[in-house]
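Q: Sharing a structure with you now.
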Amino acid sequence: MEPPVPTYSDLVLVGGGHAHVHLLKMYGMPPLKAKLRGVRLTLVTRDVLTPYSGMLPGFVSGHYAFQECHLDLAKLCAFSGFRLVHAPAAGITLDDPARGSGPGLVHFSCGRPAVRFDVLSVDVGSAPGGFLPGPQAPPVTPVKPIDSFGARFRQLLARMQAAYKKPAGEGCEPAPFRVVVVGGGAGGIELTLALQHRLSAELSSLSQDPSLLSVSLVNRSPSILNQHNADVRRIFDRILNERGVHLYKGRTATSTHSSSSGQKLLKLSDATLLPFDECVWCTNAAAAPWLSSSTPCETDPAGFLLVNGSFQTSVPSIFAAGDCSHNPASPRPKAGVFAVRAGPPLRDNLVSFLLGEPLEAFELQTEFLGLISTGGKHAVASRGQHALEGKFLWELKDKIDRTWMEGYQILPEMEEEEIATPAIVSASGPAAMLAFQAAPMRCGGCGAKVGASVLSRALKRVRARSASLYPDSPILSADDLDDCAICPPPPNPNSRTVHTIDFFRSFVSDPFVFGKIAAVHALSDCHAMGAVATTALALAVCLYAANESITEDTLFHMLAGATDALQEDGCRLVGGHTCEGAELGLGFAVNGYLDEGQVVMKKLGGKVGDKIVLTKPIGTGACFASEMRGKCSGADRAEALASMVNSNGRASRVLVDPSLGATSATDVTGFGMMGHLLEMLGAPSSPSGGVVGANLFLDKVPFLRGGIAAAEQDIFSSLQKDNARVRRAVSNHKQVAGELGSDVANKYYLLFDPQTSGGLLVTVDADTAEEMVGRMREQGYPQADIVGELVEVAAPPPSTSPDVYNETSPAHASLTASVVIPYAGDWTLEVTQGTYNVQHFLGSPRLITVKASYRQIIRGDDPELAKALDAADGVLSPESIAIRRSLIVLDMTVCDVGIRGFFVEDLPSILLNSAVMVAALKAVSKERQDELKEVMIDSKEIKVEKMLGKGGFGVVNLAIYRGGKVAMKQVLE
């Protein structure tokens, strides 16, 4: 086995511009991925969806959907192994400013701790240039930063639609809709014509006259398109005139204000007042202010980062590309084409710098083909002194743009190339080589603890941050070095103490966010009982890094996020334990108390008639299972993270209000909503002798978008299958699992989805349920709702066979000689009688009368294979079948049986008799084996893996699961 590679260096990309998009993909592909083993890769970005600037005018025109012209940075990060820090950068500092290079920190304005780097690259685009209205003036819609322009444009559309959906009043004519665009460059021209095209269509769809639309263009230069040739300018002067666009050349926008009648006005430099309903700002690019004020890098007079031909700034370890940079030796316009072209040389130079190799200068071309769209599917070409227009040019532009986007939206399945010694190790010197060679032999026990100096530095930073943000509730002090934390007792001597513990490994790449989630999750048990959490002990597992500062940084971020969440609920971190491990992990032992006489919320206590309230949406397990496969969108990921860091503390305070009549509560975590609800239904029998059951209102259950999207793709958490075993308690399982359609089925499956940091599930008196929901929403749980009610159900009949699945009652069934076994709600395997000698894993060999109908795995009848299967029945040995949980009928009784061998746990599957199948495949002809390498079964897939069985021949396991094509990967020799 290849040794684990410790982390040696931090490469951080700030911004999701076009150049960095290229890096995000290429660093996830060999050979670069292999070269960068040992480098921790991080993307810091304000927005997780970044638009391709060349397609934005088409989006505005209505030619492209939002998803078609936006790249999902979260998916690219998942593909390439980048950590994703979703926060806006606000500054850069160096650890040793006197040195003028080396490690440093990226700072944020949102309160999260700074991110360390050894090498940094900045590609944050540009900000809107020129005058922008103040907070009291009528607002405008800036195009830059383009990352979030899509959302601002949709808001503009919504405002226009709302204006014309209102009745104009009897005898009143609809008012005109006036749009002013400021900026006469290529972007402003394209946007002007795109807006006119789209808004005219929107007016028509609202049954309004498109002539109500008035479009004006303001340009400070006497001519438009100054960076293009005269022929191009003449073409667009003609087009703008033909389209009725009002041109205001040689004038600058100076201010906006409102008239006495409320009309919004744009004032120009010649005192002209332009009335407008919407003003779109598309002026020349300006630099983000923090680049010049809060970085150690030199900037030009306009505030852009100065770079050389290798994209290095004045600080050798900091690089920059795209609109935020300026190369004085080779100046270029602020255009997306140059950011795209900068991607490959920036990629190579960053790798070279990390490995200590020479950098190469790159000079961008001076001329480029510009394809400028005109609103409809028509474009003008501009290159040098040449100009051309036509529909075919729009088609060319569309093909070029779509091809570029597909290169980053459709990602390949790549296998990591194995390398004995990563390049970064060789480049880092003898000490790094020793650390790499020692990685497989890292000690266990107390020898696996994080070093004292590293721990001390990390805790010092956590204390300093906590004291600054929470001066009234500091965490453990630097003097608290005793073996145990000494804590005061609860304020009331008759209070009862509560204790809980939780731990899990990281599933998000940002340790700060992970720390928050882990703490919120650990506190939730206290919150569900209505207890006050007072102290917590942490158990933190850090990845081994050869560079101590990386271990320190990881630990600091994880504990900083955790203390933020703990402090929000008034809980102090008073100690803990740290160690090294193969994966990042964090957990807490939380202590708290319940006041004397306080309402104590337990799982049992609900009564018939109570309503069921859920405070937070479900679907986190499926959402992050989807992210692991690179299928979860950045927006859906962000929604799920926001839900998980939302503490249940405020909900707990609502819960214990006696006037609201809560009768029981629990938090929704690993067993899923259905599993935890079933725990709550263990209440005493109803007065009439029945038992307490529940009706769930599936249309009222709040779901995360990412959970629904994952379910639609058949992606679920690896624990989903185990949780779904409780489906036997669902009386109408077959109906909701398929008969009512896929939309219902997808939501139903998510009821079994294991949740991390889920909401509270509460039973409450029916008379006060609506009031409780209202209070929950006021406290920051906007999706809280009544999702069901407790009802009386008939008691189940007695049974001597508790494992039997019954489709007609929640837990029991009668047996027949041939039954259909439901498994994961999606596939059935008919079981008929036969005779096998089987070794049971709990006892001695026994004779069972079971045989699977193998003919189901082949489309149609296959006499040759069927004959071989029959012949193979005699070759089974007692060792060839072991036990796995699945219901099988034998001699009118039920037993757990299964198959020995490799099993893919995360596939909802039925494991067939591998030994028989192997023997059958051996018996058929070589030609027939070749034909069987790809077998279709009603759009199901058979996955075949090879391993060696005790019987002396290869064992093949066949797993049937939903979705995909059939691929028989291997037939034994």
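Q: Highest mean first, how do 206-215, 716-725 rank when packing is the count of other Cβ atoms within 10 Å averaged over residues? It would help to have the intermediate numbers written out before the result.
A: Numbers: 206-215: 15.2, 716-725: 20.4.
Final packing ranking: 716-725, 206-215.
Q: Something else now. List the residues, sorted by chain then number, that are 5 or more residues from THR7 or on another chain and whose placed amide H is less than 5 Å from its amide H.
A: ALA545, ALA546, ASN547
Q: While we're here: Please give the peptides 734-744, 8-18 ranked by average Cβ packing (other Cβ atoms within 10 Å per residue), highest first, as a rough proxy for protection.
A: So the peptides 734-744, 8-18, ranked by packing, come out 8-18, 734-744.
Q: Once the Cβ-Cβ distance between SER109 and SER731 is put in as r, and R0 is 41 Å, what FRET efficiency do you end up with, to the nearest 0.05? Before the final figure, lay out the partial values.
A: Numbers: r = 53 Å, r/R0 = 1.30.
That pair, SER109 with SER731, gives E of 0.15.
Q: Take every DSSP beta bridge whose two residues both sit in region 503-589, then give the antiparallel share in percent to the nearest 5.
A: So the antiparallel bridges in region 503-589 amount to around 45 percent.
Q: Could you list which residues have their amide H under 5 Å from that of GLY788, counting only those 5 or more apart in sequence or on another chain, with H placed in the peptide plane?
A: For GLY788, whose amide H was placed from the backbone, the distant partners under 5 Å are ILE612, PHE697.
Q: Of the accessible area of region 283-418, with the probe set at 1.4 angstrom, what percent is carbon plus sulfur?
A: Heavy-atom surface of region 283-418 belonging to carbon and sulfur, 1.4 Å probe: 52 percent.
Q: Tell me the net charge near ALA635. Cut-off is 9 Å between Cβ atoms, ALA635 excluded, with +1 for each Lys or Arg and -1 for each Asp or Glu.
A: It works out to a net charge of -1.
Q: Which entries in LYS25/LYS334; LYS607/LYS700; LYS391/LYS631; LYS267/LYS391 show an alpha-carbon gap greater than 31 Å?
A: Pairs exceeding 31 Å: LYS391/LYS631; LYS267/LYS391.
Q: FRET efficiency for SER205 and ALA271, Cβ-Cβ distance as r, R0 = 35 Å, nearest 0.05?
A: Efficiency at R0 = 35 Å is approximately 0.40.
Q: Now, a different point. Given R₀ = 56 Å, what would the calculated FRET efficiency be for GLN365 paired with SER261, taking r from the Cβ atoms and rounding to 0.05?
A: Efficiency at R0 = 56 Å is approximately 0.60.
Q: Among DSSP bridges having both ends in region 299-392, what percentage is antiparallel? Round to the nearest 5.
A: 85 percent
Q: Give me a comma-separated list of calculated 3J(HN,Hα) values for region 111-120, in order, Karplus coefficients 6.51, -1.76, 1.60 applied at θ = phi - 60°, integers in Hz, x for any Gly or Pro.
A: x, 7, x, 5, 9, 7, 8, 9, 10, 10
Q: Sequence-distant or interchain residues sharing an amide H contact under 5 Å with LEU213, placed H: which?
A: Here PHE177 satisfy the definition.
Q: Can you work out the Karplus-derived ³J(HN,Hα) for every residue in region 602-619? Use 6.51 cos²θ - 1.76 cosθ + 1.60 with θ = phi - 60°, whole Hz, and x for glycine or proline.
A: My calculation for region 602-619 gives 10, 5, 9, x, x, 10, 4, x, 5, 8, 10, 10, 10, 8, 10, x, 10, x Hz in order.
The values are calculated or read from the model by the stated rules, or taken from the named source; none is laboratory data. Owing to the predicted nature of the structure, the values given are computational and were not obtained by experimental measurement. Note: ideal-geometry Cβ built from the backbone for every residue, glycine included; neighbour counts use all protein chains shown. Areas reflect the complete protein model, heavy atoms only, side chains present, ligands, DNA and RNA absent. Shrake-Rupley method; radii C 1.70, N 1.55, O 1.52, S 1.80 Å.
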